[in-house]
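Student: Pasting a structure below so you can have a look.
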Amino acid sequence: MEYIDCGTLVDGTGKQPISDARILVEDGRIVEVGPAEAVAAPDDAERIDHAGETVIPGLIDAHLHLKGSRSMEPFDWIRESTELATARATADVRTLLEAGFTAVRDVGSEAGLPIRRAVDDGTIPGPRVFTSGSSFSQTAGHGDRHYLPYEWATSDEGGGSQIVDGADECRKGARERIREGADLVKIMTTGGVLSEKDAPSQSQFTDAEIRAFTEEAHRVGIPVASHAQGAPGIKAALENGVDTIEHGFYIDQECLDLFEETGAVFVPTLSIMHRLVERGEEFGVPEYGLRKAREASEAHFEATRRAYEAGVAIALGTDFLGPEPVAHGENALEAELFVEEIGMSEHEAIVAGTATAAETVPADDVGTLTAGNYADLVAFADSPLSDISTLHEPAAVYKGGERV
Ligand SMILES: [Zn+2]
């Protein structure tokens, strides 16, 4: 047993931070938490001293890809082997953990499932991994590889999305992922930025196709995440049972009403948009990607502001995937953008990166520092409550009570 003395404790629930707090930990989980004078320290327990620091729950990136890529050219992603991608992604999860991310939601990669297993069995250091495995796209959709001959794009080789058309194929695809042990199902209900021949505003998958995914996932108690940028594709997703909306460039009032009705979580991923616009050209993003990012960027930030003002649950997610300028390790950028561009308070941005991000995964013991949860936490010498950029410099990271 051990106890952690904290200068200031932010428990992730949004409640008022506690000064001079104490967290009692046993077997990697929190037993008790509160003001130090109210939490008795057992005689034989080890004291861990963060009394001069601010302690928050371990951060969660609710939208990233353990793709292990090191290039912004989508053609390179399929040219390179899955083994190489997995080796690099193994290094990426270590970097994420050191950066204070004690859980991640991987919404589309081949390496996600094997990496989750290697982390869980203690072979490699990394955050708790929640993964969709490979995502699903329709033919000519965001996950299709438009630049390849059709026969190559639909073969199982070379990563990318699984291409499915028609409700039966969608249903079978979802069952394949469930069979592999995926934590969620990831689909694409609109076009996107880094796909050559579609557009963010275009809807993809029919209502019946979307429903096939959500019925199968919900039957086994796992959520469905949808890449959804244009308003019609966002509405189709929400009306057909999707649990989280990713990106949401063109959220309108009807979308906001549907968020309220369904309780879905919004994961805007401002970070990749910011980096594509600021530094994409320098790092070899194809011209079509640069053009589409520039066209959508303003609407994307505006949609996120509108959703925030309407009280939609917003989670921290970056869409980072490995290469510069979207390398893993700088994922706290999203919290900075929430404060600087969206108008969240520092405390709200921390909640977005902890408790709200945890709502996107099928687990109820991460995201807040409350009794029964894993002792996943991060300490900061300079408080992120007064300067959100300090999230980039954790003084100490603990996963399951063990210092990283
Ligand atoms: Zn993504």
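Student: What is the chain by shape, rounded, prolate or oblate, if you read a ≥ b ≥ c off the alpha carbon gyration tensor as root eigenvalues and call it rounded for a/c under 1.5, prolate for a/b larger than b/c, and oblate otherwise?
Tutor: In terms of gyration-tensor shape, prolate.
Student: In addition: Would you mind checking which residues have amide H under 5 Å from Ser134's amide H? H placed 1.01 Å from N; only 5 or more apart, or other chain.
Tutor: Correct list: Ser109.
Student: Can you give the local net charge around Asp252? Use residues other than it whose beta-carbon is closer than 12 angstrom to its beta-carbon, Lys and Arg +1, Asp and Glu -1.
Tutor: On the way: positive: Lys235, Arg306; negative: Glu254, Asp257, Glu302.
For residues surrounding Asp252, the net value is -1.
Student: Also, I was wondering about something else. I want to check the label-to-label distance for Glu83 and Glu324. Put each point 7 Å from Cα in the C-beta direction and report it in nm to one decimal.
Tutor: 2.8
Student: Next question. Which net charge results for the neighbourhood of Ile56, defined as the other residues with beta-carbon distances under 11 angstrom from its beta-carbon, given Lys and Arg at +1 and Asp and Glu at -1?
Tutor: -4
Student: Please go through the residue pairs Lys67/Lys186; Lys186/Lys235; Lys172/Lys235 and name each one whose alpha carbons sit more than 22 Å apart in this structure.
Tutor: Lys172/Lys235
Student: Something else now. Among the aspartates and glutamates, which have Cα under 12 Å from the Cα of Lys15 when same-chain residues fewer than 8 positions away are ignored?
Tutor: Filter leaves Glu348.
Student: Hey, another quick one. Can you work out the FRET efficiency for the pair Tyr288 and Gln16, with r the C-beta to C-beta distance and R0 = 51 Å, to the nearest 0.05?
Tutor: Plugging the Cβ-Cβ distance into 1/(1 + (r/R0)^6) gives 0.60.
Student: Can you give the FRET efficiency for Glu176 and Thr139, using 1/(1 + (r/R0)^6), R0 = 22 Å, r = Cβ-Cβ distance, to the nearest 0.05?
Tutor: 0.80
Student: How high is the FRET efficiency between Ala208 and Asp364 when r is their beta carbon distance and R₀ equals 35 Å, given to the nearest 0.05? Working shown, then result.
Tutor: Values: r = 32 Å, r/R0 = 0.90.
Efficiency for this residue pair is about 0.65.
Student: If each residue of separation counts as 0.36 nm, what is the full-extension length gain between Thr123 and Leu148 once their alpha-carbon separation is subtracted?
Tutor: So the chain would gain 5.3 nm between Thr123 and Leu148.
Student: Please list 3J(HN,Hα) in residue order for region 257-263, calculated via the Karplus relation 6.51 cos²θ - 1.76 cosθ + 1.60 where θ = phi - 60°; whole Hz, with x for glycine and proline.
Tutor: Karplus-based 3J(HN,Hα) across region 257-263 equals 4, 5, 4, 5, 5, 9, x Hz.
Student: Going by how many other Cβ atoms sit within 10 Å of their own, how do His300, His247 line up, fewest first?
Tutor: Going from least to most buried by this count: His300, His247.
Student: Still on this structure, I have one more. Net charge around Ser383, counting only other residues with Cβ within less than 10 Å of its Cβ (Lys, Arg = +1; Asp, Glu = -1)?
Tutor: Net charge in that neighbourhood comes out at -4.
Student: What are the ³J(HN,Hα) values, in whole Hz, obtained from phi via the Karplus relation 6.51 cos²θ - 1.76 cosθ + 1.60 with θ = phi - 60°, for each residue of region 344-361 in sequence order, with x given for Gly and Pro?
Tutor: So the J values, rounded to whole Hz, are 5, 6, 4, 4, 4, 5, 5, 4, 4, x, 10, 4, 6, 4, 5, 5, 8, 10.
No value in this document is a laboratory result; all are computed from the given coordinates. Only a predicted model underlies this, so the values are computations on that prediction, with no experimental measurement involved. Cβ: placed from backbone, ideal geometry, glycine included. Neighbour counts: every protein chain shown.
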